[in-house]
Amino acid sequence: MRVTRYVVLLVVVPLLAVAAEQKKAQAEPAAPASPTVIPKEAKQIEPYTWRYTDDQGKNWIYRKTPFGVVRFPEQPPETQPPEEIPPGMTGVEEGDSVRFERPSPFGKHRWTRKKTELTDLERRVWERDRPKAEPAKSPSKERVP
């Protein structure tokens with residue numbers, strides 16, 4: 001019986017020491033992170049938003065939020081390729097508006113839009129389908145007797 005007590009003491013005491021060290025490590029507060037500050041050279045581009053270029057030439061955006069100042073790298077604007085014209089889409093001029101048709105699973109989809117309100121896709125369809133201007137006829141050199 002004495003042997004089992006010694007074995008238990010040999011196992012439990014080191015475990016208690018390790019647990020005490022872990023508690024001590026958890027109890028120590030971590031050093032607070034330094035708050036992000038907007039540089040004086042930063043230029044305001046919108047309300048609560050600034051742009052700054054650092055010494056390495058990298059552009060940063062600083063933004064004031066309810067939780068403090070946030071800094072993130074500036075992303076170049078994404079350019080999207082123009083939308084492709086769907087197959088079968090047509091445009092026909094009707095006075096000051098254009099009538100469009102496009103096949104759909106439920107039959108032809110038709111809509112009319114004024115020329116001043118066309119989207120980029122509709123404008124490209126209309127320009128593609130618009131009849132080309134006929135060349136002006138030159139005056140004939142016929143003699144009238």
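Can you give me the number of residues within segment 69-85 that are surrounded by 10 or more Cβ atoms within 10 Å (Cβ to Cβ) and either in a strand (DSSP E or B) or aromatic (Phe, Trp, Tyr) (or both)?
3
Are there any pairs with C-beta distances below 8 angstrom linking a residue in segment 81-92 that is within 9 Å of residue 121 (Cα to Cα) to a residue that is among the charged types (D, E, K, R), with the two at least 6 apart or on different chains, and if so which?
Listed pairs, sorted by first residue: 82/120; 82/124; 83/120; 85/124; 85/128.
None of the figures in this text is laboratory data; all of them are computed from the coordinates on show. The structure displayed is predicted, hence computed values, not measured ones. Backbone-built Cβ (ideal geometry, glycine too); neighbour counts: all protein chains shown.
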